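Worksheet: one structure, shown below.
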Amino acid sequence: MRLVTYAGASGPRPGAVVGDRLLDLGGFAGSVAGLLADAAALSAAEAAVAASDPSSLPVLDESVLLAPVTPGKILCLGYNYRGHVPDGVDPTANDPEYPDVFVKTPNTLAGPNEPVAIPRGATDVDYEGEVAVVIGRRAQRVALEDALDHVGGYTILNDVSDRAWQRRQSQWALGKCSDGFAPLGPWVVTPDELGDPQDLLVEVVRDGVVTVSQSTSTTIFSVAYVIHHLSQVLTLEPGDIVSTGTPQKLPAAQDVHRPLAPGDAVTVRISGIGELTTTFVGSSDAGQEASA
């Protein structure tokens with residue numbers, strides 16, 4: 001299933017995308033995270049989708065889609081694709097022993113239709129297209145072989161980053177956590193529909209040019225290992241996001257690096273999941289939209 005959260009007349013509602021139509025699932029759970037955490041409700045929702053008549057459903061209006069989940073935690077990986085390494089590090093060097101984990105704070109969450117404001121004074125804002133894992137079942141000290149049982153689905157995250165702030169300190173928080181720096185969506189694809197998370201093509205398109213193109217088969221740490229690893233330290237709850245890192249930009253894109261500017265748009269597309277397009281605006285533009 002492709003699960004969404006959409007803006008209904010009475011507030012956010014969970015739903016399923018059936019072809020190009022929308023099936024409301026509010027009768028089964030109050031949220032997508034709640035649906036993923038309740039096996040009986042999820043099974044009933046799957047049956048409802050299978051039995052639905054798409055012609056009787058409203059056409060999906062993607063403009064009403066919100067972030068598919070509201071995570072309590074957004075955990076991200078750095079340098080998880082082979083060939084993507086810190087400046088000055090040999091890209092052919094041995095793999096690291098453990099994942100490089102950082103946090104994006106709740107203020108970074110943005111929906112699939114929300115523009116991202118470039119902060120005042122920012123000089124080097126960049127994009128990172130990533131496969132984001134949505135936790136479906138509580139995970140605490142899970143074994144590696146059981147880790148994927150705790151995955152509720154997969155979505156797309158653009159790990160927007162202010163490189164100038166990121167370079168100013170050994171910890172990355174101030175470069176990663178500006179308001180709206182984690183666009184998420186447009187939906188959550190359940191594991192039964194997606195298949196193998198280690199066989200997805202991650203691409204990013206900017207200005208009509210593909211700037212990133214690499215398979216998740218080249219990640220250093222698999223989804224299963226990352227869930228297992230993180231759960232040894234903290235408890236992962238339904239709706240939490242674990243974003244699995246970005247590939248290195250293609251050489252031609254690296255050679256002409258240009259910081260994001262108002263008016264730019266970046267599309268992250270991942271096979272089996274879909275596309276997430278984020279537009280960037282000036283901070284004053286975002287303020288005007290919020291007050292409109």
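A short reminder: the numbers here are calculations on the coordinates, not readings from a lab. This is a predicted model, so every value here is computed, not measured. Don't worry about glycine lacking a Cβ; one is built from the backbone with ideal geometry, like all the others, and counts go over all protein chains shown.
Looking at segment 1-36 only, could you name the residues that are assigned to a helix (DSSP H, G or I) and of a type in the set (Lys, Arg)?
Passing the criteria: none in range.
Return the residues of segment 1-49 that are out of contact with any helix residue (DSSP H, G or I) (no Cβ under 7 Å at 6 or more places or on another chain), within 24 Å of residue 148 (Cα to Cα) and among the aliphatic types (A, V, I, L, M); say none if nothing qualifies.
Within segment 1-49, 4, 17, 32, 33, 37, 39, 40, 44, 47, 49 qualify.
Working only within segment 235-246, note down all residues that are in a loop (DSSP other than H, G, I, E, B) and at negative phi.
Result: 235, 237, 238, 240, 244, 246.
State all residues of segment 207-234 that are in contact with a helix residue (DSSP H, G or I) (Cβ under 8 Å, 6 or more places away or on another chain) and either surrounded by fewer than 20 Cβ atoms within 10 Å (Cβ to Cβ) or not in a helix (DSSP H, G or I) (or both); if no residue qualifies, say none.
209, 211, 212, 221, 225 - these are the residues of segment 207-234 that are in contact with a helix residue (DSSP H, G or I) (Cβ under 8 Å, 6 or more places away or on another chain) and either surrounded by fewer than 20 Cβ atoms within 10 Å (Cβ to Cβ) or not in a helix (DSSP H, G or I) (or both).
Tell me the residue from 185, 180 that is under 21 Å from residue 108 (Cα atoms), under 15 Å from the mean Cα position of the chain (by Cα) and buried (at least 22 other Cβ atoms within 10 Å of the Cβ), please.
185
Criterion first (of a type in the set (S, T, N, Q), in contact with a strand residue (DSSP E or B) (Cβ under 9 Å, 6 or more places away or on another chain) and either over 18 Å from residue 205 (Cα atoms) or in a strand (DSSP E or B) (or both)) does residue 178 satisfy it?
Criteria met by residue 178.
Within segment 166-181, track down each residue that is of a type in the set (A, V, I, L, M, F, W, C) and farther than 18 Å from residue 100 by Cα.
Passing the criteria: only 181.
Would you check which residues across segment 11-67 are touching a Ser or Thr at 6+ places or on another chain (Cβ under 9 Å), buried (at least 21 other Cβ atoms within 10 Å of the Cβ) and of a type in the set (Val, Ile, Thr) and list them?
Result: 32, single match.
Output the residues belonging to segment 247-263 that are assigned to a loop (DSSP other than H, G, I, E, B) and of a type in the set (Gly, Ala, Ser).
261, 263 - these are the residues of segment 247-263 that are assigned to a loop (DSSP other than H, G, I, E, B) and of a type in the set (Gly, Ala, Ser).
Would you please name the residue that is nearest to residue 116 (Cα to Cα), looking only at residues in segment 135-170 that are in contact with a helix residue (DSSP H, G or I) (Cβ under 6 Å, 6 or more places away or on another chain) and of a type in the set (Gly, Ala, Ser)?
Per the stated criteria, the residue is 161.
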